[in-house]
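Participant: What follows is a single structure, and I will ask about it in a moment.
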Amino acid sequence: MQKTVLGLNLPTDPRWTDIANKKLENILTDHAYCEQKAASSCISLIVQYPDKEKIVEMLTPVVAEEWCHFQQVIEQLKKRGFKLGTQRKDEYVLELNKQIKKGGSREQQLVEKLLVNALIEARSCERFKLLSNNLVDQELKKFYHELMVSEAGHYSNFLELAKFYCPEKYVNERWKELLAVEAQIMVRMEIRGDRIH
C-alpha cells in the first residue's frame, strides 16, 4: 500500500482539492473549528492528566498555538468577506474516537488518546500540504504551507509523549493498527471538499 505524508497508509483522493478550491468559505469555516477542537483536546488531556508533567509541559504551548491558528483562520475568512459558519459534525474524528480501546492501564488509555490526536494531526498536515500546493488563492497557499509545518510538529509531539508513557514497541504496534483503521475510514467516507477531514 502506498505511504503518504507522515506515514499515513492512504493518500487523499485528488478530487478533494478540486472541490476545496470552489468552496473556500466552507473549508475555512471547518478549519477554524478544527483548530478550536484541537486546542480543546489538548486542554482536556492536561486536565485529565495533571500529574503527568511532560503532558502539561509539551501540550500547554500547543493549546496556545492551536488557538492562534483559530484566530488566523478567522482573519482569512474576514479578508475574503466570509463569515464563520456553523460547526458541522466531524464524522472522521467521531469514527477515530470509536477506535479508542477501553480498559487497560491509565497510561494505555492516555496512549490511545495521544495516538488518535497524532492521526488527526497527520491527516490535517497531509490536507494542508495539498492545499498549499493546489489552491488558486496565492495567499492561502502560503498560509497552508506554514500550517502544514506546524501540524507536523504537533504530530511528533503526540507520538513522542505516547512513547514516553508506554513502551515504544507497544506504541509502534498500536500505531500500525490505527493507521490501518484510519485508511479504512478514509475509504468509506464520502469525498467532502468543503471540510478539512
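Participant: At a threshold of 8 angstrom on Cα-Cα distance, excluding pairs fewer than six apart, so keeping six or more, what relative contact order does the chain reach in percent?
Facilitator: It comes to 33 percent, rounded to a whole number.
Participant: When Cys68, Cys166 are ordered from fewest to most other Cβ atoms inside 10 Å of their Cβ, what list results?
Facilitator: Listing Cys68, Cys166 from fewest to most nearby Cβ atoms yields Cys68, Cys166.
Participant: Please report, to two decimal places, log10 I(q)/I(0) for the range 1-81 at q = 0.18 Å⁻¹ as given by the Debye formula with identical point scatterers on the Cα atoms and no solvent.
Facilitator: For the requested q values the scattering log ratios are -0.90.
Participant: What length, rounded to one decimal in nm, is gained on full extension from Phe82 through to Lys176, with 0.36 nm per residue of separation minus their alpha-carbon distance?
Facilitator: 29.9 nm
Participant: Related question: Are there chymotrypsin sites (Phe, Trp or Tyr not before Pro) in the range 96-168 that DSSP marks as loop and that have at most 15 other Cβ atoms within 10 Å, and which are they?
Facilitator: Loop-located and lightly packed - none at all.
Participant: Can you give me the Kirkwood hydrodynamic radius for the chain, using every pair of distinct Cα atoms, in Å to one decimal?
Facilitator: For the chain, the Kirkwood estimate is 17.2 Å.
Participant: Set the bar at 23 Å for Cα to Cα. Now go through Lys113/Lys169; Lys89/Lys163; Lys141/Lys163; Lys102/Lys163 and name every pair that lies beyond it.
Facilitator: Pairs exceeding the cut-off: Lys89/Lys163; Lys141/Lys163.
Participant: Where does helix 168-188 land angle-wise versus the long Cα axis of the chain, in degrees 0 to 90, nearest 10?
Facilitator: Taking the Cα atoms of the chain, the angle to 168-188 is about 40 degrees.
Participant: If you line up the Cα atoms of the range 39-91 on their principal axes, what length do they span on each, largest first, in Å?
Facilitator: Dimensions of the range 39-91 along the principal axes of its Cα atoms: 45, 24, 13 Å.
Participant: Still on this structure, I have one more. Quick check on the exposure proxy: order Thr86, Thr29 from fewest to most C-beta atoms within 10 angstrom.
Facilitator: Going from least to most buried by this count: Thr86, Thr29.
Participant: Report the label-to-label distance for Val47 and Ile191 in nanometres (one decimal), using points 7 Å from each Cα along the Cα→Cβ vector.
Facilitator: The answer from the label model is 3.9 nm.
Participant: So what's the gap between the Cα centers of the range 84-101 and the range 17-70, to the nearest angstrom?
Facilitator: Spelled out, the Cα-based centre of one part sits 13 Å from the other.
Participant: Cut-off is 10 Å between beta-carbons; in what order do His197, His31, His145 appear when sorted fewest neighbours first?
Facilitator: Going from sparsest to densest Cβ surroundings: His145, His197, His31.
Quick note: the coordinates plus some simple rules give every number you see, no bench work behind them. Note that the coordinates shown come from a computational prediction; the quantities given were computed from them, not determined experimentally. A quick note on method: Cβ atoms are made from the backbone with ideal geometry, for glycine too, and the neighbour counts reach across all protein chains shown.
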